[in-house]
1. C4: of a type in the set (A, V, I, L, M, F, W, C) and in contact (Cβ under 8 Å) with a residue 60 or more places away in the chain, yes or no?
2. With respect to A36, determine if the residue is out of contact with any helix residue (DSSP H, G or I) (no Cβ under 8 Å at 6 or more places or on another chain) and either part of a strand (DSSP E or B) or surrounded by 10 or more Cβ atoms within 10 Å (Cβ to Cβ) (or both).
3. Only one residue in T69, T6 is of a type in the set (V, I, T) and over 14 Å from the mean Cα position of the chain (by Cα). Which one?
4. Taking region 12-38, which residues are aromatic (F, W, Y) and farther than 27 Å from G67 by Cβ?
5. If you take the residues of region 39-66 that are hydrophobic (A, V, I, L, M, F, W, C) and not in a loop (DSSP other than H, G, I, E, B), which of them is farthest from the chain's Cα centre (by Cα)?
6. Condition first: of a type in the set (K, R) and surrounded by 12 or more Cβ atoms within 10 Å (Cβ to Cβ). Now tell me which residues in region 1-31 satisfy that.
Amino acid sequence: MDTCETIAAQTIVRAPAAKAWKLWTTPEHITKWNAACANWHLPRAENDLRPGGKFRYRMEAKDGIAGTTSAYC
């Protein structure tokens with residue numbers, strides 16, 4: 001059963017396209033900006049942009065009390 005859905009988003013980014021793409025898609029950068037709030041962080045992320053690839057990440061509270069792992073296709 002295919003559970004993937006298509007999501008579209010639009011924004012204006014005031015940076016060169018190559019730099020914005022790298023920061024948006026590279027796991028070592030994703031872990032620096034993707035978090036629910038200041039008390040949470042992403043200790044790891046994977047992003048496979050090939051057809052059929054997935055975006056996976058682990059989000060955790062910085063105090064270690066809670067966390068969640070998510071995957072999107």
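Read the figures in this text as sums done on the coordinates, not as results from a lab. Not measured: the values here are computed from a predicted model. Every residue, glycine as well, gets a Cβ built from its backbone with ideal geometry; the counts of neighbours run over all protein chains shown.
1. The answer is yes for C4.
2. Yes.
3. On the way: T69 fails: over 14 Å from the mean Cα position of the chain (by Cα).
Every option except T6 fails the conditions.
4. The one that is aromatic (F, W, Y) and farther than 27 Å from G67 by Cβ: W21.
5. First pass over region 39-66, keeping only residues hydrophobic (A, V, I, L, M, F, W, C): 40, 42, 45, 49, 55, 59, 61, 65-66.
Next, only the ones that are not in a loop (DSSP other than H, G, I, E, B) stay: 40, 42, 45, 55, 59, 61.
Working: W40: 14, L42: 9, A45: 7, F55: 7, M59: 10, A61: 16 Å.
The extreme case among them is A61.
6. Here is the first cut: in region 1-31, the residues of a type in the set (K, R) are 14, 19, 22.
Result: K22, single match.
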